[in-house]
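In what follows, a structure is listed as structure tokens, so that the remarks can point back to it.
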Amino acid sequence: MPEKRTHSSNDVNLRAADLVAAMTLDEKIRLVHTRLGFPAMGKNKPEGAVGSAAFAPGIARLGIPDLQETDASLGIANPENVRPGDHATALPSTQLLAATFNPELARLYGEITGKEAHDKGFNVLLGGGLNLTREPRNGRNFEYYSEDPLLSGRMAGQAIAGTQAQGVVSTMKHFALNAQENGRVQANGLIAEKNARESELLAFEIALEEGQPGAVMPGYNLYNGEYASENAYLLNELLKGEWKFPGWVMSDWGATHSTVRAALAGLDQQSGEEIDAEVFFGDALRDAVTAELVPHSRLDDMVVRILRSLIQVGVMDVREADPVDYEAHARDALSIATEGLVLLKNDGAVLPLTSRFNRIAVIGKNADKGVLSGGGSSQVIPQGSIREASPQQNDFIRTTVWHPSSPLKHLCEKAPHVEFTYADGEDLNEAVRISEQADLVLIFGWQWMAESLDAPDLNLPGDQNALINAVTEVSPSTVVILQTGGPVAMPWLDKVSVVLAAWYPGISGGEAIADILLGISAPSGRLPVSFPAEISHLPRPQHTDPELSNALPFAEMRQDICIDYDIEGADVGYKWFERTGQKPLFPFGFGLSWTQFSHSGIEIAEQRAENVSVRVCVTNSGNQSGTDVPQIYVESHDGRFRRRLAAWHKVTLEPGETATLTFDVNARFLAEFEPDTRLWKINAGQYSIVCAQHAGAPGIRTSLTIRQSSLAAIPELQLK
């Protein structure tokens with residue numbers, strides 16, 4: 001794929017400043033608010049809009065193009081079919097992408113969305129979502145990455161970099177602490193600065209370093225009592241101040257609440273103005289600038305930031321669009337999906353399926369037609385998709401979409417010697433009947449998740465648990481494939497032979513599932529989130545009542561909901577389970593292969609001022625080729641912080657083969673944030689460096705001694 005042109009920072013800044021100096025007040029105002037890019041709220045599509053989430057007219061006399069912004073967390077969206085017949089590659093969920101533990105695939109993921117965006121006429125892509133999974137019932141977790149700041153930051157950063165290499169600006173969102181959909185417009189996340197800096201904000205900091213996004217989008221939520229879109233601490237003090245972010249801050253759609261307050265707090269652009277109570281950054285901002293309530297220099301800064309990103313990424317450089325090679329992108333989507341499927345259980349080595357299974361029953365909703373996708377603004381609807389009424393509905397979302405990649409079809413094509421029978425599972429008696437006649441049963445479970453809705457609990461919806469239990473009573477071997485937006489409960493776990501986490505696997509998902517089941521591909525995914533054993537084990541077992549909360553920005557506002565995130569603080573996910581002594585159903589980083597691996601010989605290879613290098617030997621101790629993901633965790637001996645993921649590698653080995661791997665542990669994972677000095681401190685003392693198969697494994701370890709405390713600004717990641 002073609003790379004964007006590069007520009008030096010000085011050249012970019014000078015060019016942006018020159019453009020702003022040549023602009024009139026009205027031209028500046030034109031760029032700092034956007035309309036919906038499709039017919040809505042009683043208005044037609046704006047003239048010149050390609051048809052997407054938002055549009056702002058450019059300034060032709062200065063060579064500034066129209067801003068054409070598209071939703072694209074999982075591929076290029078086409079809201080309300082505003083571009084008739086225009087389809088895009090439906091990529092796997094970014095949660096599945098995180099499960100690959102493969103930053104190179106994250107880069108590829110971003111390149112695909114960036115290229116399709118550019119070739120469809122868009123220049124701003126609303127991706128880069130990376131809020132940590134604090135609440136496993138969150139309806140939007142499938143659009144994010146993981147519960148760990150390093151994994152989320154690295155993978156999101158690489159996806160952002162891949163998009164921008166195609167000459168398209170990518171956002172980073174939702175800044176910050178947008179951890180649930182129930183009541184998202186009234187959720188007031190309360191958290192101490194130290195806890196935030198060592199968890200969610202650290203993920204954003206890493207993604208900012210790796211991806212250098214052109215824009216940042218705050219969420220709908222409040223952060224310590226102030227809306228994220230007008231939170232001066234988040235936007236001015238931290239993002240633009242300490243982190244020196246040079247791009248622009250755009251609001252979420254319907255998340256602008258004021259003119260003067262928002263502009264002075266660091267918001268640079270109002271998005272989707274029709275959804276807000278008024279056009280805060282239109283005439284109201286012009287009047288505020290004229291009255292000197294907002295300095296003219298602040299308006300100039302807003303515009304410079306927008307132009308700077310457009311120039312830096314290459315939007316201002318004309319490049320002809322090439323036809324999209326959808327077949328190639330579907331093959332890439334297959335590679336991503338295959339690496340992101342996680343084998344959680346394989347008793348008796350039932351997988352891969354072999355010739356000993358001649359009659360296989362396939363049970364599950366739409367397994368003969370396609371694979372499930374998550375709902376909301378990220379929804380991509382490729383040709384041949386199946387649309388149905390969603391199990392939960394509101395004014396924002398009403399349908400579910402199944403991508404046209406049938407697992408059953410691919411199984412039949414790739415295993416012609418097997419007699420497959422199918423039932424959708426709605427009739428329990430029929431499901432039991434075909435199971436009794438089969439050598440093995442494949443059950444496709446599903447959990448639909450969507451923006452604006454949280455799951456009521458972690459159970460598979462409907463009667464799926466009862467279906468699985470009934471089938472296990474008559475089937476000698478039962479395989480459960482889970483299409484979900486996150487962790488789910490498995491009350492039937494002890495009764496089934498195999499569990500495969502397939503997440504939302506995208507346009508080639510059915511083929512990826514078939515390839516893993518049949519052994520055409522080997523599983524190598526690892527869990528990006530812990531699967532809780534019980535809801536009672538969560539930091540907040542009682543979730544916000546959806547009847548008392550509102551997730552829709554255009555609906556009636558209600559009283560703020562205060563959510564105490566200091567309960568777990570920086571101990572998100574696997575760190576919380578370690579702290580409370582609760583054993584998850586499956587821990588972060590867990591995943592099986594066809595073979596087994598052993599780790600040995602851990603040692604400190606090099607200790608420098610800012611970083612530590614760790615050397616580990618990894619051996620394929622089984623009899624098949626396979627891929628391991630050894631994970632390096634850091635622990636403080638005095639209990640100041642919990643086990644932290646600090647590095648990982650993904651390595652494929654033949655049977656009996658050994659590889660010696662070197663892991664670079666950046667100083668930030670040994671450090672703690674000091675609110676009083678606003679610096680990071682590495683305390684003198686003893687630390688353990690642990691190499692483990694997953695966050696819950698004891699692993700092998702070596703000791704690290706820090707002889708002198710140091711207090712300094714945290715070093716940036718230097719990862720290759």
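For ARG433 and GLN582, what does the FRET efficiency come to when R0 = 56 Å and r is the distance between their Cβ atoms, rounded to the nearest 0.05?
With a Förster radius of 56 Å, E is 0.90.
Give the Rg (one decimal place) followed by the Dmax (whole number) of segment 1-119, computed from C-alpha coordinates and expressed in Å.
Here Rg and the maximum Cα pair distance are 17.4, 49 Å.
Using only the alpha carbons, work out the radius of gyration and Dmax of segment 192-263 in angstrom.
In order Rg, Dmax, the Cα atoms of segment 192-263 give 11.9, 33 Å.
Please report the spacing between the Cα centers of segment 79-119 and segment 544-592 in Å, no decimals.
Here the two parts' Cα centres lie 27 Å apart.
Calculate what fraction, in whole %, of the accessible area of the chain sits on carbon and sulfur atoms when a 1.4 Å probe is rolled over the protein chains. Numbers along the way, then the final one.
Working: 11990 of 25180 Å².
Percent of accessible area from carbon and sulfur atoms in the chain: 48.
Helix-only mean residue ellipticity at 222 nm, the chain, DSSP H runs n ≥ 4 weighted -39,500 (n - 2.57), per residue, nearest 500. What is it?
Mean residue ellipticity at 222 nm (helix-derived): -7000 deg cm²/dmol.
What FRET efficiency do you get for THR677 and LEU190 if R0 is 25 Å and r is their Cβ-Cβ distance, rounded to the nearest 0.05?
Details: r = 23 Å, r/R0 = 0.92.
After rounding to 0.05, the efficiency reads 0.60.
State the percent of C-alpha pairs, over all pairs in segment 260-374, separated by a distance greater than 16 angstrom.
Every Cα pair in segment 260-374 considered, those over 16 Å come to 80 percent.
Using a 1.4 Å probe, how large is the accessible area of LYS681, given in Å² and rounded to the nearest 10?
Here the residue's solvent-accessible area equals roughly 60 Å².
Measuring from label point to label point, each 7 Å out along Cα→Cβ, what is the THR660 to GLN542 span in nm?
Output for this residue pair reads 5.8 nm.
Kindly give Rg over Rh for segment 538-637, based on alpha-carbon atoms, with the Kirkwood expression for the hydrodynamic radius.
Values: Rg = 21.5 Å, Rh = 18.6 Å.
Here the Rg-to-Rh quotient is 1.16.
Take the eigenvalues of the Cα gyration tensor for the chain, scale each by 5, and report the square roots as semi-axes in whole Å, largest first.
Values: eigenvalues 326, 195, 112 Å².
Output for the chain: semi-axes of 40, 31, 24 Å.
Rounded to the nearest whole Å², what accessible area per residue is found for the chain with the 1.4 Å probe?
Here the residues of the chain average 35 Å² of exposed surface.
With r as the distance between the Cβ atoms of ILE535 and ALA605 and R0 = 45 Å, compute the FRET efficiency 1/(1 + (r/R0)^6) and round to 0.05.
E(calc), rounded to 0.05, equals 0.60.
Kindly sort LYS583, LYS575 by accessible area of their heavy atoms, largest first, with the probe set to 1.4 Å.
LYS583, LYS575
Return the ratio Rg/(2.2 N^0.38 Å) for segment 500-569, where Rg is computed over Cα atoms only. Mind showing how you got there, number by number?
On the way: Rg = 19.3 Å, N = 70, 2.2 N^0.38 = 11.1 Å.
Working it through for segment 500-569, the quotient is 1.74.
Send over the semi-axes of segment 361-411's equivalent ellipsoid, whole angstrom and largest first, taken as the square roots of 5 times the C-alpha gyration tensor eigenvalues.
Three semi-axes, in Å: 22, 12, 7.
Where the eigenvalues come from the Cα gyration tensor of segment 391-476, what are the semi-axes √(5λ) of the equivalent ellipsoid, largest first, in whole Å?
29, 18, 9
Could you give the length gained by full extension between HIS417 and ASP638, i.e. 0.36 nm per residue of separation minus their alpha carbon distance, to one decimal place?
73.6 nm
If N is the number of residues in segment 624-674, what value comes out of its Cα radius of gyration divided by 2.2 N^0.38 Å?
On the way: Rg = 14.6 Å, N = 51, 2.2 N^0.38 = 9.8 Å.
Taking the Cα Rg and dividing by 2.2 N^0.38 Å, one obtains 1.49.
So how compact is segment 568-718: Cα radius of gyration and Dmax in angstrom?
In Å, with Rg to one decimal and Dmax whole: 16.3, 55.
Of all beta bridges DSSP finds with both residues in the chain, what is the antiparallel percent, to the nearest 5?
Counting DSSP beta bridges with both partners in the chain, the antiparallel share is about 60 percent.
Modelled label-to-label distance, SER335 and LEU25, 7 Å Cα→beta-carbon offset: nm?
5.4
Hey, quick one: spin label on ALA328, modelled 7 Å out along Cα-Cβ, who in segment 66-90 has an amide N within reach, i.e. under 19 Å?
Only 75-76, 87-90 pass the distance filter.
Out of every Cα-Cα pair in segment 93-194, what percent are more than 17 Å apart?
Counting pairs separated by more than 17 Å, the tail of P(r) holds 52 percent.
What value in Å³ per residue do you get for the convex hull of the alpha-carbon atoms in segment 117-156?
Here the figure is 76 Å³ per residue.
In whole percent, what relative contact order does the chain give with Cα contacts below 8 Å and a gap of six or more residues?
The value is 14 percent.
If I stretch the segment between ASP494 and THR290 completely, what's the gain in nm (0.36 nm per residue apart, minus their alpha carbon distance), one decimal?
Values: separation 204, 0.36 × 204 = 73.44 nm, distance 6.95 nm.
That pair, ASP494 and THR290, stretches by 66.5 nm at full extension.
Can you give the percent of C-alpha pairs in segment 314-458 whose distance is more than 25 Å?
Within segment 314-458, distances greater than 25 Å cover 44 percent of Cα pairs.
The values are calculated or read from the model by the stated rules, or taken from the named source; none is laboratory data. Everything quoted here is computed from the prediction, not taken from an experiment. Glycine gets a Cβ as well: all are built from the backbone with ideal geometry, and neighbour counts include every protein chain shown. When the accessible area is computed, the model is the full protein with side chains, heavy atoms only, and any ligands, DNA or RNA have been set aside. Shrake-Rupley method; radii C 1.70, N 1.55, O 1.52, S 1.80 Å.
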